[in-house]
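Novice: This structure is in C-alpha cells; I'll ask about it shortly.
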Amino acid sequence: LKFKQIKKFNNKKILFCTANVSLYLHRIQDYILSSQIKLHLNFWKKFISKLDSEIKNNIIIRHIPNSDPWSQKKEFEKILGNKAISKKKRFLDEVKESKIVINTALQTTFFESMLSGIPTIVLLKDDLWNLSEDGKKIYDLLIESKIIFKNVDHLINHLYEIEKNPLSWWN
C-alpha cells in the first residue's frame, strides 16, 4: 500500500484517541477490562496535564461518540474544556485534519491511523497483549521506532522533538 504524504501541518491538531470498555465484562478479551479503564483514564490525564500549554491547546480528544459509560468525556472537559472534544462523526475525517494521532490501544483506530499516513503514536499504560514470538518482534520494533510508549515523560519528550515537523520523524 502507498501511504498518503501530508506535507503541510499549519493549524493542524494532535488527535488523542481514547479507549473505551463496557461497564460489565461480557466477553474474554486481551484488552482493558471493565473498571480498569479508570486507571487508564488517570494515566491519560497525567499525560495531558504534563504537556505545555502550546501543545495542550492543540489537542483534540476523540472518544467513542455514542458510548461513554465511564464518563471520560466529562473528565477531559474538566482538563481541556469542551472545545477540545471532537465534534466530528467520522473518525477518518478527524484523522485527516490532524498532524499527529495518539492512540491509547492497539485496536482499530491504531490501524486506521497507521493506514492514513498521518504520524501515529500509541500510549499504553500496561503490556496487555499476549503476543506470539512474531508479534513480540513487531511490538519491540514499534517501541524502538518510538511509535509505542509506556512512559508519559518519554512520550512528552518525543512530542517536543517532533511537534514542529512530525513527518521528519515519521518518514
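Novice: In nm², what is the average projected area of the convex hull enclosing the Cα atoms of the range 80-171?
Specialist: Value for the range 80-171: 6.8 nm².
Novice: Under 5 Å between amide hydrogens, which residues at least 5 positions from ILE121 or on another chain qualify, with H placed 1.01 Å from N in the peptide plane?
Specialist: HN-HN under 5 Å from ILE121: VAL101, ILE102, ASN103.
Novice: Report the FRET efficiency, 1/(1 + (r/R0)^6), for LYS50 and ARG90, where r is their Cβ-Cβ distance and R0 is 25 Å, rounded to 0.05.
Specialist: It comes out at approximately 0.25.
Novice: Could you calculate the contour length gain from PHE43 to ILE143, that is, 0.36 nm times the residue separation minus the distance between their Cα atoms, to one decimal place in nm?
Specialist: Extending this stretch completely gives an extra 34.2 nm.
Novice: Still on this structure, please answer the following. Find how much the distance from GLU161 to LEU131 grows on full extension, using 0.36 nm per residue of separation minus their present alpha carbon separation; answer in nm with one decimal.
Specialist: Separation in residues times 0.36 nm, less the Cα-Cα distance, equals 7.8 nm.
Here, each number is a calculation from the coordinates, and none is a lab measurement. This is a predicted model, so every value here is computed, not measured. Using ideal geometry, Cβ is built from the backbone for each residue, glycine included, and neighbour counts are taken over all protein chains shown.
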